[in-house]
1. Helix 230-243 versus the longest principal axis of the chain: what angle, 0 to 90°, nearest 10, using Cα atoms?
2. So how tilted is helix 295-307 from the main axis of the chain? Cα-based, degrees 0 to 90, rounded to 10.
3. Is it possible to state the helix-based mean residue ellipticity at 222 nm for the chain, with each DSSP H run of 4+ residues giving -39500 (n - 2.57), the sum divided by total residues, to the nearest 500 deg cm²/dmol? What is it?
4. I need to check one value: relative contact order of the stretch 195-307, counting alpha carbon pairs closer than 8 Å and at least 6 residues apart, in percent.
5. Does anyone have the angle between helix 111-120 and the longest principal axis of the chain? Alpha-carbon axes, 0 to 90°, nearest 10?
6. Select from 167, 32, 97 the residue whose mean-square fluctuation is largest in a Gaussian network model of the chain (Cα-Cα springs shorter than 10 Å).
7. Relative contact order of the chain: what whole-number percent is it, with Cα pairs under 8 angstrom and at least 6 residues apart?
8. Tell me the Rg and the Dmax, in Å, that the Cα atoms of the stretch 83-224 produce.
């Protein structure tokens, strides 16, 4: 995320007849002397520019609720300094588990209605009923957006545009339009339930890519920190590991990382599948069972998968 990219969003996507907001999450760390600290912004912009977004699960700790910061009212221009500082903060938080800046948003409805809608977005259908998730958090937002089809973009309205940071190290813009009410499928809530494990896998993946691994033919080598749709890819690996019978978070991360670095079909190899089955039965942890495999072993396994396909 660069100041230039945020400025481009303001210049080319944000419409001046709407209000432009910055969404901040106080649950993330922010030093008291940081110009983006809530109290610093109150001094800079005034009380009227700050609006708490009341989370139903944080009613006893209101100071922990997110804050909508009005950067520009209709017809006004936002502060280039605040746009730049917020973009820089996104980069500082890139490897942290919680982000302070949740994005830049625009809407033409009142701030109160907009705030209420941000919370309404988080009430997702589950098999056992509706459950609230703070989907304004960038990772949760990325996962939620990935479960919606193109024809379901009316779900976001009256949010007109939302620029937010992605787990790959890039950014994305959600654009919406007035549409009939859209109710997400239960899949949306199921994915949200895995967000902690997804975050752990993404962090492990980033660390692994910084290591001088001697054999990792499937490792990401692109210009971004992680590949496009990294959060969705991480969730798929977790779902797949659970389908194979793994329950331990350590085992799930172990299998996912081996697949992401060696071969996405690794679990289809007879030798690897047998070890996965042992771990699923609780014989030993998957990392212990895979420990005897050295680079030569993995090369043979990957070659088997590449040339002969998976064994039955």
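Here, each number is a calculation from the coordinates, and none is a lab measurement. Quick caveat, the model's predicted, so the values are computed rather than measured. Positions of Cβ are generated from backbone atoms using ideal geometry, with glycine treated the same way; all protein chains shown enter the neighbour counts.
1. Helix 230-243 and the main axis of the chain meet at about 50 degrees.
2. The two axes meet at around 80 degrees.
3. Using -39500 (n - 2.57) per qualifying helix, the result is -12500 deg cm²/dmol.
4. 27 percent
5. Here the helix axis deviates by roughly 20 degrees.
6. 32
7. It comes to 14 percent, rounded to a whole number.
8. In Å, with Rg to one decimal and Dmax whole: 16.7, 56.
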